[in-house]
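The values are calculated or read from the model by the stated rules, or taken from the named source; none is laboratory data. Nothing here was measured: the structure is a model prediction, and the numbers come from that model. Don't worry about glycine lacking a Cβ; one is built from the backbone with ideal geometry, like all the others, and counts go over all protein chains shown. Ligands, DNA and RNA are stripped out before the accessible areas are found, and what is left, the full protein with its side chains, is counted by its heavy atoms. Shrake-Rupley method; radii C 1.70, N 1.55, O 1.52, S 1.80 Å.
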Amino acid sequence: MSAARPEPAVLDLEARAHSEHARELRLWLRLLACSQLIEKRVRAGLREQFDTTLPRFDLMAQLERHPEGLKMKELSHRLMVTGGNVTGITDQLVAEGLVERVGVDGDRRAFRVRLTPEGQAAFAAMAEQHEQWIVEAFADLSARDVDQLHRLLGRLKQSQLDINRRLQADELE
């Protein structure tokens, strides 16, 4: 009987940091590593359980928030991807009967994309499971830890929004 081999160390962005680096850099890399690990689990779950991808899920999530539908340009902006990416995903979802294109009154060239009833049902199932994966990702933290982390990250987010506003104001001057 052979001895059990230790698990290989997970190499991620955080592995780039050393104790001589600023603690803020080490924290940033830890945040990225955590985000990537959680996203990897979500991507795998969507693929295994729903035969779909995270970009498709994200597009459907945007449409779920806007039952009247969104124009392709709005989808592209909200998803922060090119129009070509949105068109390709939309074409797939239309072919599967999960979304539909509907005309825009007064503009024969424009259309909105919206979830079909089948798309609404499919997305509801995916969203429920997605939420469970995220809850599981934080299962080893206490409720107090989760609340504290949320509060601290909220402060960081507000700080970054303030910095970005100042930078934009400086660019306009």
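Computed quantities for the displayed model
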| quantity | calculated |
| --- | --- |
| Over the range 85-149, relative contact order from alpha-carbon pairs under 8 Å, at least 6 apart, % | 21 percent |
| Solvent-accessible area, 1.4 Å probe, carbon plus sulfur percent, for the chain | 53 percent |
| 12 Å beta-carbon shell around Arg41, net charge (K/R +1, D/E -1) | 0 |
| Whole-number accessible area per residue in Å² for the range 49-94, which is evaluated in the context of all protein chains at 1.4 Å | 55 Å² |
| Local net charge near Glu96, Cβ-Cβ under 15 Å (Lys/Arg +1, Asp/Glu -1) | -1 |
| Debye, to nearest 20: dipole size of the chain, +1 on Lys, Arg Cβ, -1 on Asp, Glu Cβ | 280 debye |
| Cα pair distances of the chain binned at 10 Å [whole percent] | 8, 24, 28, 25, 11, 3, 1, 0 |
| Rounded, prolate or oblate (a/c below 1.5 giving rounded, otherwise prolate when a/b exceeds b/c) for the range 91-163 by Cα gyration tensor | oblate |
| Computed [θ] at 222 nm, deg cm²/dmol, the chain (DSSP H ≥ 4; -39,500 (n - 2.57); rounded to nearest 500) | -22000 deg cm²/dmol |
| Cα→Cβ-extended label distance, 7 Å offset, between Ala121 and Val81, nm | 2.5 nm |
